[in-house]
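Reviewing the structure listed below.
Here, each number is a calculation from the coordinates, and none is a lab measurement. This is a predicted model, so every value here is computed, not measured. Positions of Cβ are backbone-derived with ideal geometry, glycine not excepted, and every protein chain shown enters the neighbour counts.
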Amino acid sequence: MAAAVVAVMLVSACGGPAAPPEESKGETDTGARSPNPPAASLGPAPAMRVVVSGLDHPWDLNWGPDNFLWVGEKEGKRITRVNPADGAKSVAVTIPDVAPGDGQQGLLGFAFADRAVFVAYSYGTPPAQMHGKIVKFAYDKAAGTLSNPTEVISNLPASEDHNSGRLLVGPDGKLYYSIGDQGNNQFDRACQPIRAQDLPTEAQVTAKDWSTYVGKTLRLNQDGTVPPDNPVIKGVRSHVFTYGHRNPQGLAFGPGGKLYSDEHGPKSDDEINLLKAGKNYGWPFVAGFKDSQSYQYANWSAASGCAGLDYDDYEVPPSVPRGPREVDWSAPDYTEPLKTLYTVPTGQNFQDKACGENLDLCWPSIAPSSLEYSPADRAPNPQLANALLATSLKNGSLYVLKLSQNGDWAQGDVVQLFRTRNRYRDVVVSPDRTKVYIATDSEGLAGPGSGSQSGALDNPGSVLEFTLTVPR
Ligand SMILES: [Ca+2]
Ligand SMILES: [Ca+2]
Ligand SMILES: [Ca+2]
């Protein structure tokens, strides 16, 4: 692709009610009409280059051991190698049994291991006959291809909404995989309960019944078995590593092997979490911090006559039971997020008519779609040293959150980078730290925070390259 150099805005998102929200149905959330003043930029805007376009719903972007970019195409059902220098493409593998459809199912996360690549995808017929699996492929580096699929685990929960699906191989050699709450208790699935707090029984683990693995992050051996050092939660050891999640689409390892995630909040309160074995991250009783601001659990699925109710995202009828206020709910292993995007006071207007038809585009959330870690070593800029990078669907931006040296805390507020009129899906930093690559959605709505409310996207289904200078 030609090297189109485009001016890029650098905007710093200051604290306070800021940008837009997250993900409601699907992931069309976004943008905020950001009251974020353009402050603390990283200096001159870096050049942007379109590396490749015409990808079919890119979802996971990784740097391969062959120094090519590898892109998983969610609806294209294939993993494609892209030469970062000239955008030349070759298909590493096509997986025909990936489930069809334009929901959140499809070919999801993939991760490199020693001479192998693990791939997560949905299979079967959506919505009712669809499940998730993880498959191991042999990697032929010389040929640039994947072959000989071996099933690691199957029959995992899968949904067209809040499906998550990030997959990593940890520094400990274990697989880490995120599964969302399936979009239950809202919209078309309003009468299906959220089971993010449910945990498997011993009998379910023995029977390989993974139905409670929704709203969880999992930790698996590479052969799909339960690692003997997984946490025992409420008396049972299973693949469950953490629970109480809504839609964790980002996973990243940081300093000292610490694991972080980001996840979509209900209208506000997207979260960045430090994941610790056996901990409970609160959903659906808590969104963001346990502060009873702007959110209280409404359990539509428990309403008598639920099927006869018209689901409403804003008005909850009296027949729908309300959960405890956040501050009145407690659980021994509950863990607060490191950071929210964004927490707003009760009384926030989530129905700003100036936003047009799609009010969610103006909610105070960013719709975080992935997470990457940028180490301190050879960081291209001090802002990117020991920091988490989160892509935003709604705002077409990369959000940078500095970590404390030990990685236990977030430092200061986020900085918002590389804003374009696109939906950002995944990010990777080149091994030499001079380039940031971002995969964009093929379609979908973007918010006013990306310069678009119409859904018009400048670079659909592309990989964008941003050049940064490494200080000498
Ligand atoms: Ca990735
Ligand atoms: Ca939480
Ligand atoms: Ca809260």
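Filter region 240-281 down to the residues that are within 13 Å of GLY170 (Cα to Cα) and within 16 Å of ligand 1 (Cβ to nearest atom) and list them by number.
Matches in region 240-281: LEU251, ALA252, PHE253, GLY254, LEU259, TYR260.
Being surrounded by fewer than 11 Cβ atoms within 10 Å (Cβ to Cβ), away from ligand 3 (no atom under 12 Å from the Cβ) and closer than 21 Å to ILE366 by Cβ is the filter here, so list the residues in region 300-346 that pass it.
Selection gives TYR314 alone.
Which condition breaks for ASP269 when tested against (1) buried (at least 22 other Cβ atoms within 10 Å of the Cβ); (2) on the phi > 0 side of the Ramachandran plot; (3) away from ligand 2 (no atom under 16 Å from the Cβ)?
Answer for ASP269: the failing condition is (3).
How about region 363-383: which of its residues are farther than 18 Å from PHE289 by Cβ, hydrophobic (A, V, I, L, M, F, W, C) and either assigned to a strand (DSSP E or B) or under 19 Å from the mean Cα position of the chain (by Cα) (or both)? Working first, answer last.
Here is the first cut: in region 363-383, the ones farther than 18 Å from PHE289 by Cβ are 367, 369-383.
Those left that are additionally hydrophobic (A, V, I, L, M, F, W, C): 367, 371, 376, 379.
The answer is ALA367, LEU371.
For ARG195, work out the one condition from (1) touching a residue at least 24 places away in the same chain (Cβ under 8 Å); (2) within 22 Å of the chain's Cα centre (by Cα); (3) part of a loop (DSSP other than H, G, I, E, B); (4) surrounded by fewer than 23 Cβ atoms within 10 Å (Cβ to Cβ) it doesn't fulfil.
Condition (1) is where ARG195 drops out.
Please work out which residue is surrounded by the most Cβ atoms within 10 Å (Cβ to Cβ), limiting yourself to region 367-394 and to residues that are in contact with a strand residue (DSSP E or B) (Cβ under 7 Å, 6 or more places away or on another chain) and among the polar types (S, T, N, Q).
Residue satisfying both the conditions and the ranking: SER392.
Which residues, taken from region 424-456, are in contact (Cβ under 8 Å) with a residue 60 or more places away in the chain, touching a strand residue (DSSP E or B) at 6+ places or on another chain (Cβ under 8 Å) and part of a loop (DSSP other than H, G, I, E, B)?
SER430, PRO431, ASP441, SER442, listed by residue number.
Taking SER292 as meeting all but one of (1) free of Cβ contacts under 8 Å to residues at least 60 places away in the same chain; (2) away from ligand 3 (no atom under 12 Å from the Cβ), write down the number of the exception.
Status for SER292: all satisfied but (2).
Rundown of residues vs (1) in a strand (DSSP E or B); (2) under 17 Å from the mean Cα position of the chain (by Cα), yes/no style:
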| site | (1), (2) |
| --- | --- |
| ILE153 | yes, no |
| SER159 | no, yes |
| LEU168 | yes, yes |
| ASP181 | no, yes |
| ASN184 | no, no |
| GLY224 | no, no |
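Does region 283-338 hold any residues that are over 29 Å from ASP413 (Cβ atoms) and among the β-branched types (Val, Ile, Thr), and which are they?
Selection gives VAL316, VAL320.
If we keep just the residues of region 438-472 that are more than 19 Å from PRO46 (Cα to Cα) and touching a helix residue (DSSP H, G or I) at 6+ places or on another chain (Cβ under 8 Å), which is surrounded by the most Cβ atoms within 10 Å (Cβ to Cβ)?
GLY447
Out of all the residues in region 384-423, which are within 15 Å of the chain's Cα centre (by Cα), assigned to a loop (DSSP other than H, G, I, E, B) and among the hydrophobic types (A, V, I, L, M, F, W, C)?
LEU393 - this is the single residue of region 384-423 that is within 15 Å of the chain's Cα centre (by Cα), assigned to a loop (DSSP other than H, G, I, E, B) and among the hydrophobic types (A, V, I, L, M, F, W, C).
Which of the residues that make up region 169-189 are buried (at least 22 other Cβ atoms within 10 Å of the Cβ) and not polar (S, T, N, Q)?
LEU175, TYR176, TYR177, ILE179, GLY180, ASP181, GLY183, ARG189
Scan region 290-309 and tell me whether some residue there is away from ligand 2 (no atom under 11 Å from the Cβ), touching a Leu at 6+ places or on another chain (Cβ under 9 Å) and on the phi < 0 side of the Ramachandran plot.
yes
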